[in-house]
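Only one structure is covered here, and it is reproduced in the block below.
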Amino acid sequence: MRIMIVEDDQTLGKAMSASLTYSEFAVDWVGTVADARHLVTSENYDAVVLDLGLPDRDGYDLVRHLRGSGMSVPVLILTARDAVEDRVQGLDLGADDYLVKPVAMAELQARLRALIRRSHGRGDSQVRMGRLQLDIPGKRALLDGQAVELSGREWAVLEYLVIHQRRIVSKEQLIQAITGLGQDLSGNAIEAYVHRLRNKLEASGAVIRTVRGLGYMMEETDGTTL
Ligand code: CA
């Protein structure tokens with residue numbers, strides 16, 4: 001899952017980036033509304049964490065811009081402004097959640113996960129496909145209740161595919177979802193992760209199909225055949 005942080009406070013920006021990266025989010029951090037507007041046109045984000053007091057413009061301007069351009073990416077406002085009017089304005093403009101600083105990183109992450117799940121039409125934190133169960137907050141995949149050993153990147157690819165199950169996901173989308181700006185990952189690397197996941201999930205009833213020329217699609221089968 002790829003997150004854009006818009007925060008001009010260096011200490012907080014650094015702390016949030018580190019904490020989210022550690023939890024296998026791909027993170028891009030910018031300090032101005034102008035940079036954020038620039039990035040949202042070229043990159044695909046699963047959620048945006050937005051400060052309001054920014055050096056060039058008010059954070060509300062970014063919400064207006066996103067919604068005015070028809071972009072539905074979930075926005076979580078994270079600000080020191082705790083007045084009711086601010087919350088109301090932010091939510092009325094189209095932000096999805098509003099947190100007042102200081103915030104515990106664990107809560108920020110939980111709120112982000114909830115926003116992302118809701119935006120994909122899934123309110124639940126446990127997703128089942130065949131004999132496979134994904135514990136999204138716990139970042140664990142279970143097969144018949146037994147934990148499947150996954151690297152951080154393998155988890156990130158699997159989580160994205162499961163959340164977008166029965167839809168075609170391109171390699172480019174997967175690369176965007178698991179890397180931040182300036183991190184390079186090739187299509188071959190994605191193929192390697194998918195190959196390993198297929199081995200680990202063999203006969204689980206959840207399969208990653210290759211859709212020729214387009215990407216992948218995760219589906220449930222009857223659990224016995226591939
Ligand atoms: Ca600020």
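The values are calculated or read from the model by the stated rules, or taken from the named source; none is laboratory data. All values derive from a computational prediction rather than experimental measurement. Quick reminder, even Gly has a Cβ in these numbers, built from the backbone with ideal geometry, and neighbours come from all protein chains shown. All accessible areas refer to the heavy atoms of the entire protein, side chains included, with ligands and DNA or RNA removed. Shrake-Rupley method; radii C 1.70, N 1.55, O 1.52, S 1.80 Å.
Observations on the structure shown:
- Boolean, Arg111 is in a helix (DSSP H, G or I), at pLDDT below 95 and closer than 21 Å to Val6 by Cα: no
- Condition check for Leu185 on (1) touching a residue at least 24 places away in the same chain (Cβ under 8 Å); (2) open to solvent by less than 80 Å² (accessible area, probe 1.4 Å); (3) assigned to a loop (DSSP other than H, G, I, E, B): one failure, at (1).
- Residues of region 173-182 that turn out to be touching a residue at least 24 places away in the same chain (Cβ under 8 Å) and open to solvent by 80 Å² or more (accessible area, probe 1.4 Å), as a count: 1
- Only one of the listed residues (Arg64, Arg2) is open to solvent by 20 Å² or more (accessible area, probe 1.4 Å) and either within 18 Å of the chain's Cα centre (by Cα) or not small (Gly, Ala, Ser) (or both). That residue is Arg64.
Listed here are the residues, each with its yes/no results for (1) within 16 Å of the ligand (Cβ to nearest atom); (2) open to solvent by less than 20 Å² (accessible area, probe 1.4 Å).
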{"position": "Glu7", "(1), (2)": "yes, yes"}
{"position": "Leu20", "(1), (2)": "no, yes"}
{"position": "Phe25", "(1), (2)": "no, yes"}
{"position": "Trp29", "(1), (2)": "yes, no"}
{"position": "Ala34", "(1), (2)": "yes, no"}
{"position": "Arg37", "(1), (2)": "no, no"}
{"position": "Val40", "(1), (2)": "no, yes"}
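- Residues located in region 118-152, provided they are basic (Lys, Arg) and touching a residue at least 60 places away in the same chain (Cβ under 8 Å): Arg131, Lys139
- Residues (charged (D, E, K, R) and in contact (Cβ under 8 Å) with a residue 24 or more places away in the chain) located in region 97-108: Lys101
- Leading residue by the ranking (farthest from Asp8 (Cα to Cα)) among those in region 49-74 that are in contact (Cβ under 8 Å) with a residue 40 or more places away in the chain and more than 11 Å from the ligand (Cβ to nearest atom): Ser72
- Region 188-216, residues that are open to solvent by 60 Å² or more (accessible area, probe 1.4 Å) and at pLDDT below 95: Asn188, Glu202, Arg212, Gly213, Leu214
- Where Ala104 falls short, out of the listed (1) surrounded by fewer than 17 Cβ atoms within 10 Å (Cβ to Cβ); (2) assigned by TED's automatic domain parsing to the domain that holds Leu185: (2)
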